[in-house]
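To keep things clear, I will list the structure first and then write my remarks on it.
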Amino acid sequence: MDKSKRTAVIAGNWKMNMTPAQTEAFIKELAPMVAGLDGCSIVLCVPFVDIATAVKAAEGTNIHVGAENVHFAEKGAYTGEVSAEMLTSVGTEYVIVGHSERRQYFGETDVTVNQRLTAALKAGLKVIVCVGETLTEREQGVTLETVSRQTKVALMGVTADEMKNVIIAYEPVWAIGTGRTATAEQAEEVCADIRGVVCSLYGKEVAEATTVQYGGSMNAKNAEELLSMKNIDGGLIGGASLKTADFTVIVKAAQ
Ligand code: PEP
């Protein structure tokens, strides 16, 4: 598989951290640190209330702004939710769907992940769709089955052409926010399997062009090794994306 056929994407997932004022200060600090590092796309996925501030602060830089979730309906009685059109209307370019914290705490299922993904694509967003096994699933030896199922269901109804706006993030649940990272070999095995699933659905050309990220305690120390693997094209980064210095080291490792 030829890595040059796809774009590396380093995306931060801020989760429920940072106010608008902190967002502005963070981006002003980060922008000069990552200026000219154009060997990967740099994305910050931020809380809804921070998006407008982030978009303004990132103007004229190589930093792109994303959201952490999106609803599947265009509008209506969905208290507390935000539609894809609302996101694009304030300059959002990317969105995360199916993060394991959404699956775990907010009842997200493979089917609702698919609904959110297709709604976001329709609105022109680039979508980072998260898949990954729990510790129990890994111990039961069903990691590849679990991740393949999540990937296949997430991509239901997505066309080959739309795949250019889909990024798949392999995030083993047991590695998220725990400080416990998958080894580069474990991450590579699953990312290669995900690419195989994309190949079986869309063919080799689409599979070779699809960005597959690793996420789960990626940090300034382990990023280089993980990103050197053949099938790992970037990272989805939680904790380490809240520190400009650490995030910059990861961006540099992806060049
Ligand atoms: C995440 O939230 O997607 C994530 C990978 O978090 P962390 O890097 O903190 O494990």
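Taken together, the values in this text are just the output of simple stated rules run on the coordinates, not laboratory data. These figures come from a predicted structure and were not determined experimentally. Neighbour counts run over all protein chains shown; Cβ positions are idealised from the backbone, glycine included.
Return the calculated 222 nm mean residue ellipticity for the chain, to the nearest 500 deg cm²/dmol, obtained by summing -39500 (n - 2.57) across DSSP H runs with n ≥ 4 and dividing by the residue count.
Using -39500 (n - 2.57) per qualifying helix, the result is -12000 deg cm²/dmol.
Taking the beta-carbon count within 10 Å as an exposure proxy, list 26, 106 from fewest neighbours to most.
Ascending number of Cβ neighbours within 10 Å: 106, 26.
Which of 116, 103 comes first, and how do the rest follow, when ranked by fewest Cβ neighbours within 10 Å?
103, 116
What whole number of Å gives the distance from the Cα centroid of region 162-190 to the Cα centroid of region 1-24?
14
State, as an integer percentage, the relative contact order of the chain based on alpha-carbon contacts under 8 Å between residues 6 or more apart.
That works out to 23 percent.
Putting +1 on Lys and Arg Cβ atoms and -1 on Asp and Glu Cβ atoms, find which of 222, 166, 83 reaches farthest to the positive end of the dipole of the chain.
The one lying farthest along the dipole's positive direction is 83.
Treat the count of other C-beta atoms within 10 Å as a stand-in for reagent exposure and order 14, 174 from fewest to most.
The order, fewest Cβ neighbours first, is 174, 14.
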